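Undergrad: First, the structure itself, so that you have it in front of you.
The values are calculated or read from the model by the stated rules, or taken from the named source; none is laboratory data. Keep in mind it's a predicted model, so treat the numbers as computed, not measured. Cβ placement follows ideal geometry from the backbone for every residue including glycine, while neighbour counts extend to all protein chains displayed.
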Amino acid sequence: MLQFRALGPLEVACGDRVCTPTASKPRQVLALLMLCANRVVNIELMIEELWGMHPPRSAVATTQTYIYQLRNMIAREPPCRRGADLVTRPSGYVLAVDPDQVDAFVFQRLVEYGRRQLESENLVEAAGVLRRALDMWRGPVLADVVREAVLGAHTAPLEELRLRTLELRIQADLRLGLHRELIGELRSLIAAHPFNEWFYEQLITALGRSGRRSEALQVYQNLRQTLREELGLDPAPELQQLQHEVLNGFPGRVPDASVGIVMNHLYPAAIGAPAGQPVHSVA
């Protein structure tokens, strides 16, 4: 079956054979069709992505040529193997495909399943599934595709969901007692996201519960200094309370299982199935 991969460099593959288009604009069209799989993508939306608000007179014909090229790419695989079709609709085009063939869909389904497991206190299952979801990423979403406004609006929620998924997995690990194991990872995350107070909170908790209270307090002081110097702000009240708790000898609290993850509306067909269970096309 053809596999459509967006969580990293764009890739279309069937087994060991990679058939990803190389030209820039067909790649943009394909990426948009993938992220909107099983739904009509209006041709005007494709044109906006390709040329912005000032398309050439030939925009419709040129876009149709790109669709023709992509359809030929898909048709090279025998019907019994490809599992996908590029279908024409009155207002645009649909990439009709089983969601299990699109890595972004599978990722979101795993995240939703992992979140439900975490809320149900199935911590080992939750941590494993969330780790599996994060392992699907090969780099930034559509890392080698030119992205204008339309594609950007579709990819930004995926990157945000990746970060929220990481938070869920850290929650599961903390609640499993893996405080020491998380310290190094949390320090790296803070270096990459120096204003993300949630990561600081979890590092303080992990250090406090590992008996490293002075280091936990130093992390808080580093955050306060960074926020004041860069933004003129103080740490959030929750972090100030956590500092007082660590000062008073409380080792830090384990985060609540409920995290405000809003599933991206771009992938409705991918939500609601347990890991490993096929999700059928909505086309």
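Undergrad: Output yes when any residue across the stretch 238-252 is part of a loop (DSSP other than H, G, I, E, B), within 30 Å of Tyr113 (Cβ to Cβ) and modelled with pLDDT under 95, and no when none is.
TA: The answer is yes; a qualifying residue exists.
Undergrad: Show the residue pairs meeting these rules: Cβ distance below 6 Å; 6+ apart or different chains; first residue within the stretch 81-94 and assigned to a strand (DSSP E or B); second residue among the basic types (Lys, Arg).
TA: Listed by first residue and then by second, the contacts come to Leu86/Arg71.
Undergrad: Return the residues of the stretch 32-64 that are hydroxyl-bearing (Ser, Thr, Tyr) and either exposed (fewer than 13 other Cβ atoms within 10 Å of the Cβ) or in a loop (DSSP other than H, G, I, E, B) (or both); say none if nothing qualifies.
TA: Hit for the stretch 32-64 is Ser58, nothing else.
Undergrad: Hey, does the stretch 114-131 have a residue that's of a type in the set (Lys, Arg) and crowded, with 21+ Cβ neighbours inside 10 Å?
TA: Within the stretch 114-131, one or more residues are of a type in the set (Lys, Arg) and crowded, with 21+ Cβ neighbours inside 10 Å.
Undergrad: Test of understanding: among Ser188, Ser214, which residue is of a type in the set (S, T, N, Q), in the same structural domain as Arg116 (by TED's automatic domain parsing) and under 17 Å from Val246 (Cβ atoms)?
TA: Going through Ser188, Ser214 in turn, the sole match is Ser214.
Undergrad: Any idea which residue in the stretch 67-87 is nearest to Asn42 (Cα to Cα), counting only those that are within 27 Å of the chain's Cα centre (by Cα) and small (Gly, Ala, Ser)?
TA: It comes out as Ala84.
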